[in-house]
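Reviewing the structure listed below.
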Amino acid sequence: MTISGAILGLPKGTAGWRLLQTKQPADFAAFSKDPTLKSDIAYLRAKLPTKLTAKSLLADPRLQKIVLSAYRLDAQVGMNGLMEKVLNSDVTSSASLAVKMSNAIYKQIATDFNYGGIAVPAIPAVPSTAKVAIEGLNVQKTIARFSGSFGGVTVREVDTSEATSPKELAATLQAALRTADGYRGDISVKVFGDSLVFTDAKGRGAAKNFTFGAVTGATGSLVTDSAVSAGLLGQPSKAKVTVNGLKEGQTIGNFSGTFGGITLTAVDTSGATFRPKLAAELQAAFRKADGGRSDISVTANGSELIFTDAKARGGAKAFSFDTPPGGGATASLTETTVDTGGVLAPAVLPTPSVASLAVNGFQPGQALNSFSGTFGGVTLKAVNTSAATNWKELAATLQSAFRAAAGGRADISVTAYGHSLTFTDSQGKGGASGFKLDTSGGATATLTGTTPATVTPTVDSTATLAISGLGVGQTIGSIVGTYAGVTPPEIDTSAITTVADLATALQTAFRTADKGATDISVTASGNTLVFADVRKRGGAASFSFEQPNGPTATLISTTSGNPPTAATGGPQVTSSSFVDQLVTRYTQAQFEQSVGDMSQSLRRALYAKTALPKVTNWYSVIADQNLGAVVRSTLDLPDSFGSVPVDQQVTLLKSRMNIADFKNPAKLQKLLDTYVAKASATETSTVNDPSGLLSLVQPIDLSGGNGSTSDSFSGASSAALFALL
């Protein structure tokens, strides 16, 4: 039943049309609260989700009327045969009935409900599994720790030393994995015989990188190493830099240097006007150069910047801070780490290289044309200096050239003092040599002094190994590691019961692996082993210690599983979002009918505003009585135009209008404004179609243009024919 248009209080004609451009159905309180409308919407929400087939939907007369009205297919109510075929159409097939129909709304309703679409049921997860064999676990012999990934969840260094049975170990590992998984219960670890069985109900992946560390037996740990290699235990690497004079307009131009094994070159720090900002910029630069890792930190503490590397990969080297021309802030490295113990010592800084160049007769017309030479290990060739008209400009030109040739580093500076230029290399990489200046007009340049390069002293390669618990019945099974670049095969130490004997065995193994050379020595000092290499080839790396006769845990099988797959396709009636969309459609359709109760032209204009942008061909317009009426009126075509053969109608319409204009909001609005103005002028107060849209299937001429009426079908007769298909 149509809701009376009188409750809208809507004026006719262009005044009503202007009002409709600014309001939605919900803005008309009497309409949105209408009991019939509310009852229909409640019925739709309650019943539609239960209609899993097109036949069951159409078997409910009230629901059928609501659904078809929502799609403006009121004329098809009761035509169950036709609509069942439409709703069950596979819209991906050009042979389906919904696609064949001239009116695109049939394809739209079939697409939206998807009764004929492919349905893929939900696939439950296939659990991931892993099996670990456990041997020798008891009160005296436990497993110290566990690391690994399972079901996409990673745990590291889980303390399992208190677990004296497989059951306790399973409980400890399950608790750790569930905690790391956000306290969800998908991962379980159970005991099955002498094995642990890991299961992830979500099927998120197999076991990876399972490692179990035994605790019973003697232990060894690397405590100091002068070379500070990655992966070794020890305190972080550190460095201290003192910064003075930092303020607005007086900053440090750029920074170069190496810390924690990471090298930066010419990092722009000119925008840092206070120490915390300078620290933040340097920290960001080091972390970016370190692959995004956060091991290196730089913090401000009073007048100092504190550099720390949690991986203990080495202290500061070749730190260089550039001061902009005209003066600025200063910064200097004062201390840096010398071993893995994190001990700071005064920085070993090179003695700067210095050279002095006297320039005489420098005035307009007496220029220096070019410069060649080597300073600080950097060589320049034929640098153009002809634009420099005074000593300061010449100094700036040469400094810029040297720094560019040095990869942007700020180690070399050139400054003007009177009639001389002073060259300084803060890294002491060498003085001046081969200086040559091409002159014109009488200017001269003479190298008056220079200093040689300085060599930073090297540090002996040493490492210290702490041994505890070594004795009869409690030994270290084997040792693997690298020292001074030498890696012997795995060393069997299971029979060694004293630190002195262990030192002898390790020294023999390293010297043998070093081709018999005696440069490496290993000596015992109490419970400590001291490694030394007279050739200073580097420290220790990757030392690991295995205990004999301890419990073992071995991964013997694992499966990756598969995560669950949600159902796809099939009828959309159970989707709450689809039901919401259908409610909106039905409300809009009922609103248009209420508007039509007062003005058929306004109703058609509202309908056309939403329908015309969706049409892709003129046949769809012709097949829709209301769209056709809007277009004919706008183009001043008579109603009898509908009796012209279809192909001829299309040809004429194409010549009068571009169908793409319907998708242009401005052009569409102008068309509808024109339609309302024309239609309102002739519209009578009597609505000729009170029951809704008469038929959305316009009579179609199938005669091919020969005028034979025997090949034409009216909307009703063609619908009846389709019902028999």
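Some values worked out for this structure:
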{"quantity": "Which listed residue, of 495, 503, 553, is part of a strand (DSSP E or B), small (Gly, Ala, Ser) and either at pLDDT below 85 or buried (at least 18 other Cβ atoms within 10 Å of the Cβ) (or both)", "calculated": "553"}
{"quantity": "Hey, residue 639 modelled with pLDDT under 85, under 51 Å from the mean Cα position of the chain (by Cα) and either under 21 Å from residue 99 (Cα atoms) or of a type outside the set (S, T, N, Q) (or both) or not", "calculated": "no"}
{"quantity": "Scan of segment 620-649 for residues that are surrounded by 20 or more Cβ atoms within 10 Å (Cβ to Cβ), more than 20 Å from residue 665 (Cα to Cα) and touching a residue at least 40 places away in the same chain (Cβ under 8 Å), ordered by number", "calculated": "622, 623, 624, 625, 646"}
{"quantity": "Which listed residue is over 19 Å from residue 581 (Cα atoms), in contact (Cβ under 8 Å) with a residue 24 or more places away in the chain and in a helix (DSSP H, G or I), from 66, 7, 41", "calculated": "7"}
{"quantity": "Residue in segment 243-259 that is surrounded by the fewest Cβ atoms within 10 Å (Cβ to Cβ), counting only those that are among the polar types (S, T, N, Q) and within 20 Å of residue 427 (Cβ to Cβ)", "calculated": "258"}
{"quantity": "Only listed residue being hydroxyl-bearing (Ser, Thr, Tyr), closer than 18 Å to residue 676 by Cβ and part of a helix (DSSP H, G or I), chosen from 633, 640", "calculated": "633"}
{"quantity": "Identity of the residue in segment 15-43, buried (at least 18 other Cβ atoms within 10 Å of the Cβ), aromatic (Phe, Trp, Tyr) and more than 20 Å from residue 674 (Cα to Cα), that ends up nearest to the chain's Cα centre (by Cα)", "calculated": "28"}
{"quantity": "Where a residue in segment 72-88 is assigned by TED's automatic domain parsing to the domain that holds residue 108 and assigned to a helix (DSSP H, G or I) and its partner, wherever it lies, is small (Gly, Ala, Ser) and modelled with pLDDT under 90, with Cβ under 6 Å and at least six apart", "calculated": "74/692; 75/695; 81/723; 82/723; 86/98"}
{"quantity": "Pairs where the first residue, in segment 270-296, is at pLDDT 90 or above and the second is among the aromatic types (Phe, Trp, Tyr) and assigned to a helix (DSSP H, G or I), C-beta under 6 Å, 6+ apart", "calculated": "296/286"}
{"quantity": "Residue identified as out of contact with any Asp or Glu (no Cβ under 9 Å at 6 or more places or on another chain), among the small types (Gly, Ala, Ser), modelled with pLDDT under 85 and surrounded by fewer than 13 Cβ atoms within 10 Å (Cβ to Cβ) among 442, 469", "calculated": "442"}
{"quantity": "Failed item in (1) in a helix (DSSP H, G or I); (2) touching a Gly at 6+ places or on another chain (Cβ under 7 Å), with residue 31 passing the rest", "calculated": "(2)"}
{"quantity": "Of the criteria (1) surrounded by fewer than 12 Cβ atoms within 10 Å (Cβ to Cβ); (2) outside any loop (DSSP other than H, G, I, E, B); (3) modelled with pLDDT of 85 or more; (4) not β-branched (Val, Ile, Thr), which one residue 653 fails", "calculated": "(1)"}
{"quantity": "Extreme residue, nearest to the chain's Cα centre (by Cα), among residues of segment 368-388 that are surrounded by fewer than 13 Cβ atoms within 10 Å (Cβ to Cβ) and outside any strand (DSSP E or B)", "calculated": "387"}
{"quantity": "Subset of segment 157-179 (residues that are assigned to a strand (DSSP E or B) and either of a type in the set (Ser, Thr, Tyr) or surrounded by fewer than 16 Cβ atoms within 10 Å (Cβ to Cβ) (or both))", "calculated": "157, 159"}
{"quantity": "From 609, 667, residue being assigned to a helix (DSSP H, G or I), of a type in the set (Lys, Arg) and modelled with pLDDT of 90 or more", "calculated": "667"}
{"quantity": "Test for residue 591: is it buried (at least 20 other Cβ atoms within 10 Å of the Cβ) and either modelled with pLDDT of 90 or more or in a helix (DSSP H, G or I) (or both)", "calculated": "yes"}
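The values are calculated or read from the model by the stated rules, or taken from the named source; none is laboratory data. The shown structure was predicted, so the numbers you read here are calculated from the model rather than taken from an experiment. So basically every Cβ, Gly included, is an ideal-geometry build from the backbone, and we count neighbours across all protein chains shown.
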